[in-house]
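The values are calculated or read from the model by the stated rules, or taken from the named source; none is laboratory data. Here the structure is a predicted model, which is why all the values come from computation and not from measurement. When we count neighbours, we look across all protein chains shown, and the Cβ atoms used for this are built from the backbone with ideal geometry, even at glycine. Side chains are part of the model used for accessible areas, which takes the heavy atoms of the whole protein and leaves out ligands, DNA and RNA. Shrake-Rupley method; radii C 1.70, N 1.55, O 1.52, S 1.80 Å.
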Amino acid sequence: MPAGTLYRGREGMWSWVAHRVTGVLIFFFLFVHVLDTALVRVSPEAYDEVVATYKTPIVALLEYGLVAAILFHALNGLRVIAVDFWSKGPRYQKQMLWTVMGIWVVLMAGAVYPVLGHAARELFGS
Amino acid sequence: MSAETPSAIGAVEGAAYGPDNPAPYIEPPRKRTGRTPRSTRGNFEMAAWLFMRLSGVVLVVLVIGHLLIQLVLDGGVSKIGFAFVAGRWANPFWQVWDLLMLWLAMLHGANGLRTVINDYAERPNTRLWLKGLLYTATVFTILLGTLVIFTFDPNIR
Ligand code: HEM
Ligand code: HEM
């Protein structure tokens with residue numbers, strides 16, 4: 001068994017797995033993202049052509065997923081920092097995780113229209 | 001002193017330890033002595049641990065602000081194009097913002113991936129290759145992104 005999977009917990013373990021998975025996903029996105037942005041040094045047309053794919057409905061869904069990953073990683077990252085540096089952090093880690101999930105759900109609901117609205121208009125007409 | 005010691009265990013190997021007959025001193029196996037090298041690995045792991053937390057706090061502002069600008073405000077993704085980028089990078093504030101975000105996110109993510117590789121890749125050769133690939137991709141991405149910000153030309157055509 002790989003050394004990294006020996007940690008057996010409950011909420012603490014799943015939040016750690018999710019933090020790891022989202023972190024890796026964001027890193028891979030960033031690599032591709034810097035490559036696509038570099039097209040501004042090729043030509044305006046090349047850049048606009050690639051950015052057009054960012055505006056399609058399917059990619060809009062991926063963007064919503066990216067927002068989900070970043071918001072979880074960011075909020076849970078702040079929780080990890082609080083557990084490490086706040087004297088009462090370890091005692092409240094579980095409550096903080098539910099707080100993170102609560103804020104995450106609210107922000108994700110708020111992101112539906114701005115991130116997916118244009119895709120819905122394209123698919124179902126305005 | 002009588003032969004009976006007031007110990008629950010009783011005499012160990014015939015020796016009754018006490019103030020007059022102290023137990024032999026056993027040196028802790030990893031005790032730092034004059035002959036221990038000052039430091040074997042330095043404080044790299046500690047610095048990396050701290051960096052993850054400090055960069056994380058800054059990245060919350062940079063990345064969530066970036067997503068707000070790119071995906072939510074002012075029409076969301078639909079407004080993005082060469083002209084939009086030209087407008088943003090005309091302002092040094094956003095150049096510095098993007099530069100800082102590029103460096104911090106890449107270093108934070110690369111250090112995170114280093115941990116993941118250390119956790120799952122067990123064969124020394126696999127680790128070596130994966131880390132070589134990771135460091136190459138990281139250096140390449142940071143240099144490319146930096147170059148793009150500094151050499152951006154709005155009148156390329
Ligand atoms: C789908 C969501 C995203 C969109 C639509 C988007 C869009 C853009 C655009 C238009 C630029 C050009 C410069 C500017 O306007 O500031 C840019 C640059 C940049 N973005 Fe994003 N971005 C997204 C997500 C992210 C995320 C999640 C990160 C960080 C993890 C990120 C990091 C960067 C960096 C570092 C640059 C500078 C690139 C360079 O130096 O060449 N972006 N992004
Ligand atoms: C948005 C703000 C962010 C915060 C507050 C944050 C916070 C953190 C913290 C505190 C850790 C250390 C976890 C630990 O030691 O157990 C971590 C790990 C990690 N982060 Fe972030 N991070 C952020 C953004 C990012 C970005 C943009 C990327 C990708 C480029 C990323 C990728 C990673 C990876 C791959 C790990 C390693 C995960 C592991 O070892 O399990 N993070 N993050």
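Do we have B:G112 as under 27 Å from the mean Cα position of the chain (by Cα) and either at the interface with another protein chain (Cβ under 10 Å from one of its Cβ atoms) or farther than 28 Å from A:R79 by Cβ (or both) here? Full working, then the answer.
Numbers: under 27 Å from the mean Cα position of the chain (by Cα): yes; either at the interface with another protein chain (Cβ under 10 Å from one of its Cβ atoms) or farther than 28 Å from A:R79 by Cβ (or both): yes.
Considered against the rule, which asks whether it is under 27 Å from the mean Cα position of the chain (by Cα) and either at the interface with another protein chain (Cβ under 10 Å from one of its Cβ atoms) or farther than 28 Å from A:R79 by Cβ (or both), B:G112 comes out as yes.
For the range B:36-78, a residue qualifies if it is more than 11 Å from chain A (Cβ to nearest Cβ), of a type in the set (G, A, S) and in a helix (DSSP H, G or I), and the qualifying residues are B:A47, B:A48, B:G65.
Quick check on my filter: what residues within the range A:76-102 are of a type outside the set (K, R) and within 13 Å of another protein chain (Cβ to nearest Cβ)?
First, the residues of the range A:76-102 that are of a type outside the set (K, R): A:76-78, A:80-87, A:89-90, A:92-93, A:95-102.
Of everything in the range A:76-102, those that are of a type outside the set (K, R) and within 13 Å of another protein chain (Cβ to nearest Cβ) turn out to be A:N76, A:G77, A:L78, A:V80, A:I81, A:A82, A:V83, A:D84, A:F85, A:W86, A:G89, A:V100.
One residue is enough: does the range B:52-60 have a residue meeting the conditions out of contact with any Pro (no Cβ under 7 Å at 6 or more places or on another chain), surrounded by 12 or more Cβ atoms within 10 Å (Cβ to Cβ) and of a type in the set (K, R)? Yes, there is a match, as at least one residue in the range B:52-60 is out of contact with any Pro (no Cβ under 7 Å at 6 or more places or on another chain), surrounded by 12 or more Cβ atoms within 10 Å (Cβ to Cβ) and of a type in the set (K, R).
Against the criterion of being more than 16 Å from ligand 2 (Cβ to nearest atom) and over 20 Å from the mean Cα position of the chain (by Cα), A:V83 does not qualify. Scoring B:M46 on the criteria (1) under 16 Å from B:M101 (Cβ atoms); (2) more than 12 Å from ligand 1 (Cβ to nearest atom) leaves a single failure, condition (1). Total residues in the range A:69-117 satisfying the condition of being of a type in the set (F, W, Y) and either at positive phi or open to solvent by less than 60 Å² (accessible area, probe 1.4 Å) (or both): the figure is 1.
Among the criteria (1) touching a Ser or Thr at 6+ places or on another chain (Cβ under 8 Å); (2) more than 16 Å from ligand 2 (Cβ to nearest atom), the one B:F150 does not fulfil is (1). Applying a threshold of 6 Å to beta carbon distances and a minimum spacing of six or more residues, or different chains, the list of pairs starting in the range A:37-58 at a residue that is more than 24 Å from B:M101 (Cα to Cα) and ending at one that is of a type outside the set (A, V, I, L, M, F, W, C) and at pLDDT below 95 reads A:P57/A:E122.
Return yes when B:W94 is more than 9 Å from every other protein chain (Cβ to nearest Cβ), in a helix (DSSP H, G or I), within 29 Å of A:L116 (Cα to Cα) and at pLDDT 95 or above and no when it is not. Lay out the reasoning, then the answer.
Values: more than 9 Å from every other protein chain (Cβ to nearest Cβ): yes; in a helix (DSSP H, G or I): yes; within 29 Å of A:L116 (Cα to Cα): yes; at pLDDT 95 or above: yes.
Criteria met by B:W94.
Please determine whether any residue of the range A:78-96 is within 30 Å of B:P154 (Cβ to Cβ) and aromatic (F, W, Y).
Looking for residues that are within 30 Å of B:P154 (Cβ to Cβ) and aromatic (F, W, Y), one finds none in the range A:78-96, hence no.
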